[in-house]
């Protein structure tokens, strides 16, 4: 069972995603994709660690190459988040910018096959109508493609609006 949760910034996506895995006690894995660049990132990572504390998650920090992960069969996985993963794959340290869609989807499909339950958190980007730099516009376009593909793969899709899940596909 795969669930995709989308929404804007600070809308309750993570809280909803974590709650969907509350009933799992074993093999509950949190895949963290945020690279710790700068104070703000470190603060966000620490905030998420505190929120997850005592909830039974094993945290794996994996910034790229999700298809390389070896996970227990039928585990419960929370992937947080598709936006960071897309940026990490698109803007690697070597500076060569490429379309990350195929690599990211290969990783998501791998998780979908291995995990008994997969919850993916993503971001609603590109709806503000602002024109950005070519690199940022490329990222927004890649995220749009990834969100469409992930939603097609998912059994359930929900948008979190002001902390309220709005079901777009399936059920929670």
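The values are calculated or read from the model by the stated rules, or taken from the named source; none is laboratory data. Remember, it's a predicted structure, so these values are computed and weren't measured experimentally. When we count neighbours, we look across all protein chains shown, and the Cβ atoms used for this are built from the backbone with ideal geometry, even at glycine.
Return yes when residue 98 is out of contact with any strand residue (DSSP E or B) (no Cβ under 8 Å at 6 or more places or on another chain), in a loop (DSSP other than H, G, I, E, B), surrounded by 13 or more Cβ atoms within 10 Å (Cβ to Cβ) and free of Cβ contacts under 8 Å to residues at least 12 places away in the same chain and no when it is not. Criteria met by residue 98.
When the range 142-153 is filtered for residues that are surrounded by 13 or more Cβ atoms within 10 Å (Cβ to Cβ) and either farther than 15 Å from residue 124 by Cβ or at pLDDT below 95 (or both), the ones remaining, listed by number, are 149, 153. Among the residues examined, residue 26 does not qualify as farther than 22 Å from residue 157 by Cα, outside any helix (DSSP H, G or I) and modelled with pLDDT of 95 or more. On inspection, residue 60 qualifies as free of Cβ contacts under 8 Å to residues at least 40 places away in the same chain and within 17 Å of the chain's Cα centre (by Cα).
Of all residues in the range 47-62, none satisfies being surrounded by 20 or more Cβ atoms within 10 Å (Cβ to Cβ) and within 18 Å of residue 123 (Cα to Cα). Only one of the listed residues (130, 164, 140, 120) is closer than 19 Å to residue 18 by Cβ and out of contact with any helix residue (DSSP H, G or I) (no Cβ under 7 Å at 6 or more places or on another chain). That residue is 164.
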